[in-house]
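Presented below is the structure to which this report refers.
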Amino acid sequence: MWMESNRFDLNIVTYNVLIHGLCKGGRVSEAVEVRNSLREKGLKEDVVTYCTLVLGFCRVQRFEDGICLMNEMIELGFAPTEAAVSGLVDGLRKKGKIDSAYDLVVKLGRFGFLPSLFVYNALINSLCKGGGLDKAELLYGNMRSMNFPPNDITYSILIDSFCKRGRLDVAESYFDRMIKDGIRETVYPYNSLINGQCKFGDLSAAESLYTEMINKGLEPTATTFTTLISGYCKDLQVEKAFKLYNEMHVKEIAPTVYTFTALIFGLCNTNEMAEASKLFDEMVESKIMPTETSYQWPLFYW
């Protein structure tokens, strides 16, 4: 190195800048060599050195090396930055190593180190999608015990996940906790609860949730309407379904292919074939691309 050969007095800050530049360029192995040479120069790594290398390993997807370095720095008494923890946890998650990401969060949490709320929520979401609801709940519990407040996204993920699995009582308990925490409700947890009631509960409960949502000043979305329309059609309450369909038009909310498909099958189930055909044509004229399911209705009902 030119500065070394010219006997400049270099300190750890200078070497950290060099390590950062190497890592940013993907030359992590070279950065590690620089780090390994520090002791020979009478210098010691600091928290910046470690965190920079951890993020460097994440950049080139050498996550196992990143974990080893994270363990080493904690053993030395260094506190990793939120950026380093977040980079490693989210890198593992995006690589599909959800269990490794979970184990790392739990381990680091024991020392009081946490990723950002965004990354924490993303991990909870990945656990829920993979069926790891128990682990997702443990992470939620850890948040509360560590005074790391969950937000509306945290609750929305948990509520939606339990609704999709028919565990409506658990979903409702999270909804109640969210309100108790002073977090303002949004349309998204309501959509999840309405969907859960339509699929696993009863339509009257879904209607009550819809009314409650409107009374709180929340605007329904296409998902809200389509979920209820589908529920009514499955229950052969096609008139109620079309009332909501008309309400969508009044509110200038565009129906989706799923809205049309639910209505078409609802009409078919009540033997209103001409109306079903007319609605199918309306969907095509609206330049909404039918799904494979949308095309199947004539095969079943003609």
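Computed from the coordinates by the stated procedures, all read-outs in this text should not be read as laboratory data. Note that the structure is predicted; figures quoted are calculated from it, not measured. Cβ coordinates were reconstructed from backbone atoms using ideal geometry, including for glycine residues, and neighbour counts include every protein chain displayed.
As I understand it, the value is the acute angle between the Cα axis of helix 63-75 and the longest principal axis of the Cα atoms of the chain; what does it come to in degrees, rounded to 10?
60 degrees
What do you get for the angle between helix 152-164 and the principal long axis of the chain? Use alpha-carbon atoms, 0 to 90 degrees, nearest ten.
It works out to around 50 degrees.
List the chymotrypsin sites (Phe, Trp or Tyr not before Pro) within the stretch 89-124 that DSSP assigns to loop and that have no more than 13 neighbouring Cβ atoms inside 10 Å.
111
Loop sites only, by DSSP: take the GluC sites (Glu not before Pro) in the chain that have at most 16 other C-beta atoms within 10 Å and name the longest stretch containing none of them.
The segment 1-251 is the longest one with no such site.
Which of the following values of semi-axes √(5λ) of the Cα gyration tensor in Å was calculated from the structure shown: (1) 54, 22, 15; (2) 33, 20, 19; (3) 62, 39, 18?
Evaluating semi-axes √(5λ) of the Cα gyration tensor in Å on these atoms matches (1).
Past 31 Å, Cα to Cα: identify those pairs from 135/180; 251/287; 135/251; 129/251, in the order given.
Values: 135/180 23 Å; 251/287 20 Å; 135/251 40 Å; 129/251 33 Å.
Pairs exceeding 31 Å: 135/251; 129/251.
Work out from phi, with θ = phi - 60° and the Karplus expression 6.51 cos²θ - 1.76 cosθ + 1.60, the ³J(HN,Hα) of each residue of the stretch 53-60, listed in order in whole Hz, and give x for Gly and Pro.
With coefficients 6.51, -1.76 and 1.60, one gets 5, 4, 5, x, 4, 4, 4, 9 Hz.
Taking the chain as the reference, fit the longest principal axis to its C-alpha atoms, fit the long axis of helix 238-250 to the helix C-alpha atoms, and give the angle between the two in degrees, 0 to 90, nearest 10.
Orientation of helix 238-250: about 60 degrees from the principal axis.
Let me know the charge dipole size of the stretch 128-191 about its Cα centre in debye, to the nearest 20, where only the beta-carbon of Lys, Arg (+1) and Asp, Glu (-1) is charged. Kindly include the intermediate steps, with their values, before the conclusion.
Numbers: 9 positive and 9 negative charges, 34 e Å.
The dipole magnitude comes to about 160 debye.
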